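Engineer: What follows is a single structure, and I will ask about it in a moment.
The values are calculated or read from the model by the stated rules, or taken from the named source; none is laboratory data. None of the values given here were measured: they were computed from a predicted structure. Methodologically, a virtual Cβ is constructed for each residue, glycine included, from the backbone with ideal geometry; neighbour enumeration extends over all protein chains shown.
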């Protein structure tokens, strides 16, 4: 009983973290039609930025925001200075983002060395809480709460604002959106800023659980891919549901069928790709 | 993709200490060919942390000797393999064919060593590695390969002995990276622990790049006496941190890379009291080691751990073998024979000699994390002298068994 409870909590909490990682990935993927393979590197950079800000004595939550901002600005520059020049060349854009991820990883190694840097969780959240006689890390629940708040905020932004309507229009039919006068190029910049900033915040918030260390990028990128393919490209609800599903698959897969853990994680992705390529909540391309 | 050809001279200049390599005593400028050492390490990618420490250890060793061994200047050619076997192989080729190195120090990882196994044999290049793969010095020994550190299980065996006999543990679990190194280490632990009457009731194998160990911590049985950690790199650190998040109290025992000095200060309180076994501890109280630790702290501001001590020890082994052949490292057969038969009485890890398979016979230390003078150290609580890679088993009988693996020895006592 206790096992199921802990693993369920683990799954949901890990899902929250995955949402922070993959919502931005999904937005960018949905609008620009390219998987931003630098997204894992951006997440890692967020963790390192957060570690540095916290070391400078900045409050944890503010450090997370600053780190999101810093990483977001870099994402914006990446879009404006490099990807923009490759407009229409999707293969080129994908390869460039892959290259960027290697560059970011090596720069991180130079600046922050190869040793993992632990990020301290906020003092108030360090002690575990006891639920029905077992201990669970309070901080993980806090991450879940933050993820839900951000999810709600994003939902309002996408579904209830003019900007959100423009993004949705761009995701659904780029040509038509451009035709009716939506400034798609500005939209690209904004979405890239938003998407990478979310990953940056996620990196810092994930730091106390995962540490900032080299390799974090390559650990997280495949998870973001699975989430987005399961949930559906460009769909916020899809990213949330996908994150939770992957959280459960990851935790229960490794616990119940450890030898098949990766199979359990990736097989549903294959199934979805074959049976419903648009994902669970993806919009059908017009 | 070029080799970073960096003479020891530049290395010295960069740290502001030392003298020119060609100005070594008794050596006229340019007249004596330098000893060329090919150094295979990892400076980029996830394994870079250990690789950079390897470079620090070797650089320091040579610097302390004015980059002169047995009257000959030494030139080190550093190659960054990225921890990728294919690159390791091409770098090894570059080092031998273009730089004409006399020997290799490195590589770091077992799969890298396996990738150049044949190449070492074909080119007859003496190799002093830190890679732990058991069969490199057991069932398929490479005559050009020596290992002054430890095979995967060599340090796990004494830990198991200590756990069963001294700590009286009876029910234990193992958790380790799901790679050959983790398999071999846990297998050695299990063999010795169960031969001493204990039972391994649970074995967990998280993938090497597991981001979150929460799911594994939750699986660990509640009634264990202790848990053996067979992690490599920074995974031990990550596991420990997440283990503490869940406020688990079961004691942890570390393999030789789980509780490493290079990360011990970051682990801090989380590691306090944990026992681990390794062929080295920065806390070893010998003059040689005290000097090594002091210089590491002065030059690099870190405590040496597994990797820095490994190449520093390899430096001592190289020096002793070069001395034994009167500096004539070009005579490969004589040099290799010397490498295999020398006894180096006073390295930072204690005395070093090799068995007939090229693997070290040396001390293994049971260490406990304590606070000493404001920092955390692995204090030695027990020394197992002259431990062999075969532990106390007869080598012939040992080699008839399959190599240690995930499935061997079979786990008879697993509980569901």
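Engineer: Based on this model, can you work out whether residue A:47 counts as within 14 Å of chain B (Cβ to nearest Cβ), assigned to a helix (DSSP H, G or I), touching a strand residue (DSSP E or B) at 6+ places or on another chain (Cβ under 7 Å) and in contact (Cβ under 8 Å) with a residue 60 or more places away in the chain? Steps first, answer last, please.
Structural biologist: Numbers: within 14 Å of chain B (Cβ to nearest Cβ): yes; assigned to a helix (DSSP H, G or I): yes; touching a strand residue (DSSP E or B) at 6+ places or on another chain (Cβ under 7 Å): yes; in contact (Cβ under 8 Å) with a residue 60 or more places away in the chain: yes.
The answer is yes for residue A:47.
Engineer: Considering only region B:123-137, state which residues are modelled with pLDDT under 95 and part of a loop (DSSP other than H, G, I, E, B).
Structural biologist: Listed by number, the residues that qualify are B:130, B:131, B:132, B:133.
Engineer: Restricting to region B:181-211, and then to whatever is in a helix (DSSP H, G or I) and free of Cβ contacts under 8 Å to residues at least 40 places away in the same chain, can you tell me which residue is nearest to residue B:237 (Cα to Cα)? Even if it seems obvious, please write down each step before you answer.
Structural biologist: Filtering region B:181-211 down to residues in a helix (DSSP H, G or I) leaves B:181-195.
Among the residues that remain, those that are also free of Cβ contacts under 8 Å to residues at least 40 places away in the same chain are: B:193, B:195.
Values: B:193: 24, B:195: 30 Å.
Here the answer is B:193.
Engineer: Still on this structure: Scan region A:166-188 and tell me whether some residue there is within 28 Å of residue A:54 (Cβ to Cβ), in contact (Cβ under 8 Å) with a residue 24 or more places away in the chain and assigned to a helix (DSSP H, G or I).
Structural biologist: Going residue by residue through region A:166-188, those that are within 28 Å of residue A:54 (Cβ to Cβ) are none.
The answer is no, given that none of the residues of region A:166-188 is within 28 Å of residue A:54 (Cβ to Cβ), in contact (Cβ under 8 Å) with a residue 24 or more places away in the chain and assigned to a helix (DSSP H, G or I).
Engineer: Which residue, of A:141, A:148, A:119, is touching a strand residue (DSSP E or B) at 6+ places or on another chain (Cβ under 9 Å) and assigned to a helix (DSSP H, G or I)? Spell out the reasoning first.
Structural biologist: Values: A:148 fails: touching a strand residue (DSSP E or B) at 6+ places or on another chain (Cβ under 9 Å); A:119 fails: assigned to a helix (DSSP H, G or I).
Residue meeting the stated conditions: A:141.
Engineer: Continuing with the same structure: Consider residue B:228 carefully, then state whether it is crowded, with 24+ Cβ neighbours inside 10 Å, more than 8 Å from chain A (Cβ to nearest Cβ) and part of a helix (DSSP H, G or I). Break it down into steps so the answer makes sense when it comes.
Structural biologist: Working: crowded, with 24+ Cβ neighbours inside 10 Å: yes; more than 8 Å from chain A (Cβ to nearest Cβ): yes; part of a helix (DSSP H, G or I): no.
Here the answer is no, as residue B:228 does not meet what is asked.
Engineer: Is it the case that some residue within region A:67-74 is free of Cβ contacts under 8 Å to residues at least 40 places away in the same chain and either more than 21 Å from residue A:240 (Cβ to Cβ) or in contact with a strand residue (DSSP E or B) (Cβ under 6 Å, 6 or more places away or on another chain) (or both)? If you could, list the steps in order and put the result at the bottom.
Structural biologist: First pass over region A:67-74, keeping only residues free of Cβ contacts under 8 Å to residues at least 40 places away in the same chain: none.
No, because not a single residue in region A:67-74 is free of Cβ contacts under 8 Å to residues at least 40 places away in the same chain and either more than 21 Å from residue A:240 (Cβ to Cβ) or in contact with a strand residue (DSSP E or B) (Cβ under 6 Å, 6 or more places away or on another chain) (or both).
Engineer: For residue A:156, which of the numbered conditions (1) within 19 Å of the chain's Cα centre (by Cα); (2) buried (at least 19 other Cβ atoms within 10 Å of the Cβ); (3) without any contact (Cβ under 8 Å) to a residue 40 or more places away in the chain fails to hold?
Structural biologist: (2)
Engineer: Considering only residues that are in contact (Cβ under 8 Å) with a residue 12 or more places away in the chain, within 14 Å of another protein chain (Cβ to nearest Cβ) and not in a helix (DSSP H, G or I), which ones fall in region A:255-286?
Structural biologist: none
Yes or no, residue by residue, for (1) in a helix (DSSP H, G or I); (2) closer than 14 Å to residue A:21 by Cβ; (3) away from every other protein chain (no Cβ under 14 Å); (4) in contact with a helix residue (DSSP H, G or I) (Cβ under 7 Å, 6 or more places away or on another chain):
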{"position": "A:197", "(1), (2), (3), (4)": "yes, yes, yes, yes"}
{"position": "A:203", "(1), (2), (3), (4)": "yes, yes, no, yes"}
{"position": "A:217", "(1), (2), (3), (4)": "yes, yes, no, yes"}
{"position": "A:241", "(1), (2), (3), (4)": "yes, no, yes, yes"}
{"position": "A:246", "(1), (2), (3), (4)": "yes, yes, no, yes"}
{"position": "A:253", "(1), (2), (3), (4)": "yes, no, no, yes"}
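Engineer: Across region B:294-320, which residue is farthest from the chain's Cα centre (by Cα) among those that are part of a helix (DSSP H, G or I) and without any contact (Cβ under 8 Å) to a residue 24 or more places away in the chain? Give the derivation first.
Structural biologist: Residues of region B:294-320 part of a helix (DSSP H, G or I): B:294-300, B:306-320.
With without any contact (Cβ under 8 Å) to a residue 24 or more places away in the chain added as a condition, the list becomes B:294, B:297-298.
Numbers: B:294: 20, B:297: 20, B:298: 23 Å.
Checking each candidate, the answer is B:298.
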